[in-house]
1. Within the bounds of region 131-143, is there any residue that is of a type in the set (Asp, Glu) and either surrounded by 14 or more Cβ atoms within 10 Å (Cβ to Cβ) or more than 21 Å from residue 96 (Cα to Cα) (or both)?
2. If a residue must be more than 22 Å from the chain's Cα centre (by Cα) and closer than 13 Å to residue 158 by Cβ, how many such residues does region 92-103 contain?
3. Looking at region 168-213, which of its residues are within 18 Å of residue 75 (Cβ to Cβ) and among the β-branched types (Val, Ile, Thr)?
4. Restricted to region 148-205, and to residues that are of a type in the set (Gly, Ala, Ser) and part of a loop (DSSP other than H, G, I, E, B), which residue is surrounded by the fewest Cβ atoms within 10 Å (Cβ to Cβ)?
5. Within the set of pairs 6 or more residues apart or between chains, which connect a residue that is within 11 Å of residue 78 (Cα to Cα) inside region 93-109 to a residue that is among the aliphatic types (A, V, I, L, M) and not in a helix (DSSP H, G or I) with Cβ atoms less than 9 Å apart?
Amino acid sequence: MSTAPPPSSTADQLPLRERKKLRTRQTLIDTALERFTTDGFDGTTLDRLCAAVEVSKRTFFRYFSSKEDVAMAPTQDLWTAFLDDLEIREPDHQTLLAMLQDTLLAALERMPDEGWAHRVLLSHRLTATTPSMDAHGLQFCDRTSRQAMTLLGRRFELADPQGLSSRLALDLLVAAFHRALERWAAEPGTPPARDDLAVHVRDAFAAIPGSLTLRVEPRSERR
């Protein structure tokens with residue numbers, strides 16, 4: 001998986017060629033999300049997208065593998081940053097789940113303050129109505145989870161010979177993020193903000209222990 005785009009403060013220090021590549025990538029994402037939203041995902045061909053950005057299809061494929069890939073880039077960048085952070089993070093006597101949560105929150109802080117949240121919202125809405133994007137997201141999630149499991153096994157000693165507990169911890173992390181994303185995206189009347197998403201993510205993480213001990217009682221009959 002490619003490395004996540006650097007924070008804007010770091011990107012400004014990159015050589016001119018690298019900054020141009022980042023700008024081209026970002027323009028492709030912004031234009032794709034705008035066209036997919038206004039003209040429909042299926043109604044926007046790759047040829048039209050490339051013409052709008054004034055790049056060749058060959059250039060497009062240097063950055064993305066498909067229309068689905070460019071449409072889901074904002075969220076995929078977050079999880080790529082998650083893997084980058086996990087590569088260097090120290091556990092500091094935490095549980096695995098707590099370390100994974102801190103890693104995802106750190107990755108979220110790396111996302112740009114301006115524009116990224118709006119792109120995530122557009123991508124999320126498109127995914128809800130585009131089966132091929134949903135399928136692409138599932139494939140990306142599975143691939144990212146496998147990469148994370150490989151990374152954990154390489155860097156840490158886990159008292160989990162079969163890997164079941166560690167994979168379940170990772171699955172809990174992903175599920176909590178998706179529930180947080182849904183709640184954040186459903187908020188009416190407010191411009192999307194990265195920090196607001198972080199609040200929902202923290203709330204979802206805090207709800208995990210209660211979900212594991214939530215008791216079920218018969219519903220009392222109403223009179």
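Readers should treat all values here as calculations from the given coordinates under stated rules, not as data from a laboratory. Worth saying up front: this structure is predicted, and the values here are computed from it rather than measured. Every residue, glycine among them, receives a Cβ derived from its backbone with ideal geometry; neighbour counts consider all protein chains shown.
1. Looking through region 131-143, at least one residue is of a type in the set (Asp, Glu) and either surrounded by 14 or more Cβ atoms within 10 Å (Cβ to Cβ) or more than 21 Å from residue 96 (Cα to Cα) (or both).
2. Adding up the residues that qualify gives 2.
3. Correct list: 174, 199, 201.
4. 189
5. Between residues of region 93-109 that are within 11 Å of residue 78 (Cα to Cα) and residues that are among the aliphatic types (A, V, I, L, M) and not in a helix (DSSP H, G or I), the close pairs are 107/4.
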